[in-house]
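For reference, the structure discussed in these notes is given below.
The values are calculated or read from the model by the stated rules, or taken from the named source; none is laboratory data. Owing to the predicted nature of the structure, the values given are computational and were not obtained by experimental measurement. Methodologically, a virtual Cβ is constructed for each residue, glycine included, from the backbone with ideal geometry; neighbour enumeration extends over all protein chains shown. For accessibility, only protein heavy atoms count, side chains too; no ligands or nucleic acids. Shrake-Rupley method; radii C 1.70, N 1.55, O 1.52, S 1.80 Å.
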Amino acid sequence: MMPAATVKAGSVPLYDPRLLQELDWSQNGVTFSPAISPADPGDGLVLRPLCLGDINRGFLKVLGQLTETGVVNPEQFTKTFEHMKSSGDYYVTVVEDTNLGQIVATATLVIEHKFTHSCAKRGRIEDVVVSGECRGKQLGKLLTSTLTLLSKRLNCYKVTLECLPKNVAFYKKFGYSVSEENYMYQRFFN
């Protein structure tokens, strides 16, 4: 089981932390050395849902190591957080260093509802990033395994992710395959 300190007092989690506690880690097909899990991510670390107070725990700073976050004020953060929470389709998951009170890694699972596949759900893993000082502790691997299992637990018919060609080998360890489809986009602003 996960530590009772999974969610800080007075901070609202984005989703029910019991979803993480109830994952069947025996279904994880990836090896961790040394062994870590959602319940025991490492000394002084806790894996949990994003909380509203994480704006003050360096969440955006970590996310900024992956991509441009822009200037986000507390009102914007709260509005987006509440939108994500009310939709029930966002599973932003973080690793907190409880000794520092700082977020050191994050990843997001987004659930897309489809009319295809008998009105099935598709999961998408996005924004996987580990703080520079915590790389090498298997936290990206832990987040990816956790969100892959969570997508299965939430009855998604498939889960996908996008990555740079240099990261393909990393994601193949989790059972992901390179799609023959091309990823295309239009960017409207940074």
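Could you count how many residues in region 118-136 are modelled with pLDDT under 95 and under 23 Å from T31 (Cβ atoms)?
Summing the residues that are modelled with pLDDT under 95 and under 23 Å from T31 (Cβ atoms) in region 118-136 gives 3.
Output yes when any residue across region 87-94 is within 26 Å of I36 (Cα to Cα), of a type in the set (D, E, K, R) and either in contact with a Leu (Cβ under 7 Å, 6 or more places away or on another chain) or open to solvent by less than 60 Å² (accessible area, probe 1.4 Å) (or both), and no when none is.
Scanning region 87-94 turns up no residue that is within 26 Å of I36 (Cα to Cα), of a type in the set (D, E, K, R) and either in contact with a Leu (Cβ under 7 Å, 6 or more places away or on another chain) or open to solvent by less than 60 Å² (accessible area, probe 1.4 Å) (or both).
When only residues in region 16-32 that are open to solvent by 90 Å² or more (accessible area, probe 1.4 Å) and free of Cβ contacts under 8 Å to residues at least 40 places away in the same chain count, which is nearest to the chain's Cα centre (by Cα)?
R18
Checking I55 against (1) closer than 19 Å to L161 by Cβ; (2) assigned to a helix (DSSP H, G or I), only one condition comes out false. Which one?
Exception for I55: condition (1).
For the structure I just gave you, tell me whether L66 is more than 19 Å from K152 (Cα to Cα), within 16 Å of the chain's Cα centre (by Cα) and in a loop (DSSP other than H, G, I, E, B).
yes
Looking at S37, S33, S11 in this structure, which one is within 17 Å of K137 (Cα to Cα), modelled with pLDDT under 95 and in contact with a helix residue (DSSP H, G or I) (Cβ under 8 Å, 6 or more places away or on another chain)?
Checking each option against the conditions leaves just S37.
Just checking, does region 69-89 include any residue being under 12 Å from the mean Cα position of the chain (by Cα), under 19 Å from T160 (Cα atoms) and modelled with pLDDT of 95 or more?
No, region 69-89 contains no residue that is under 12 Å from the mean Cα position of the chain (by Cα), under 19 Å from T160 (Cα atoms) and modelled with pLDDT of 95 or more.
So which of Q138, Q76 ends up being open to solvent by 10 Å² or more (accessible area, probe 1.4 Å) and farther than 22 Å from P34 by Cα?
Q76
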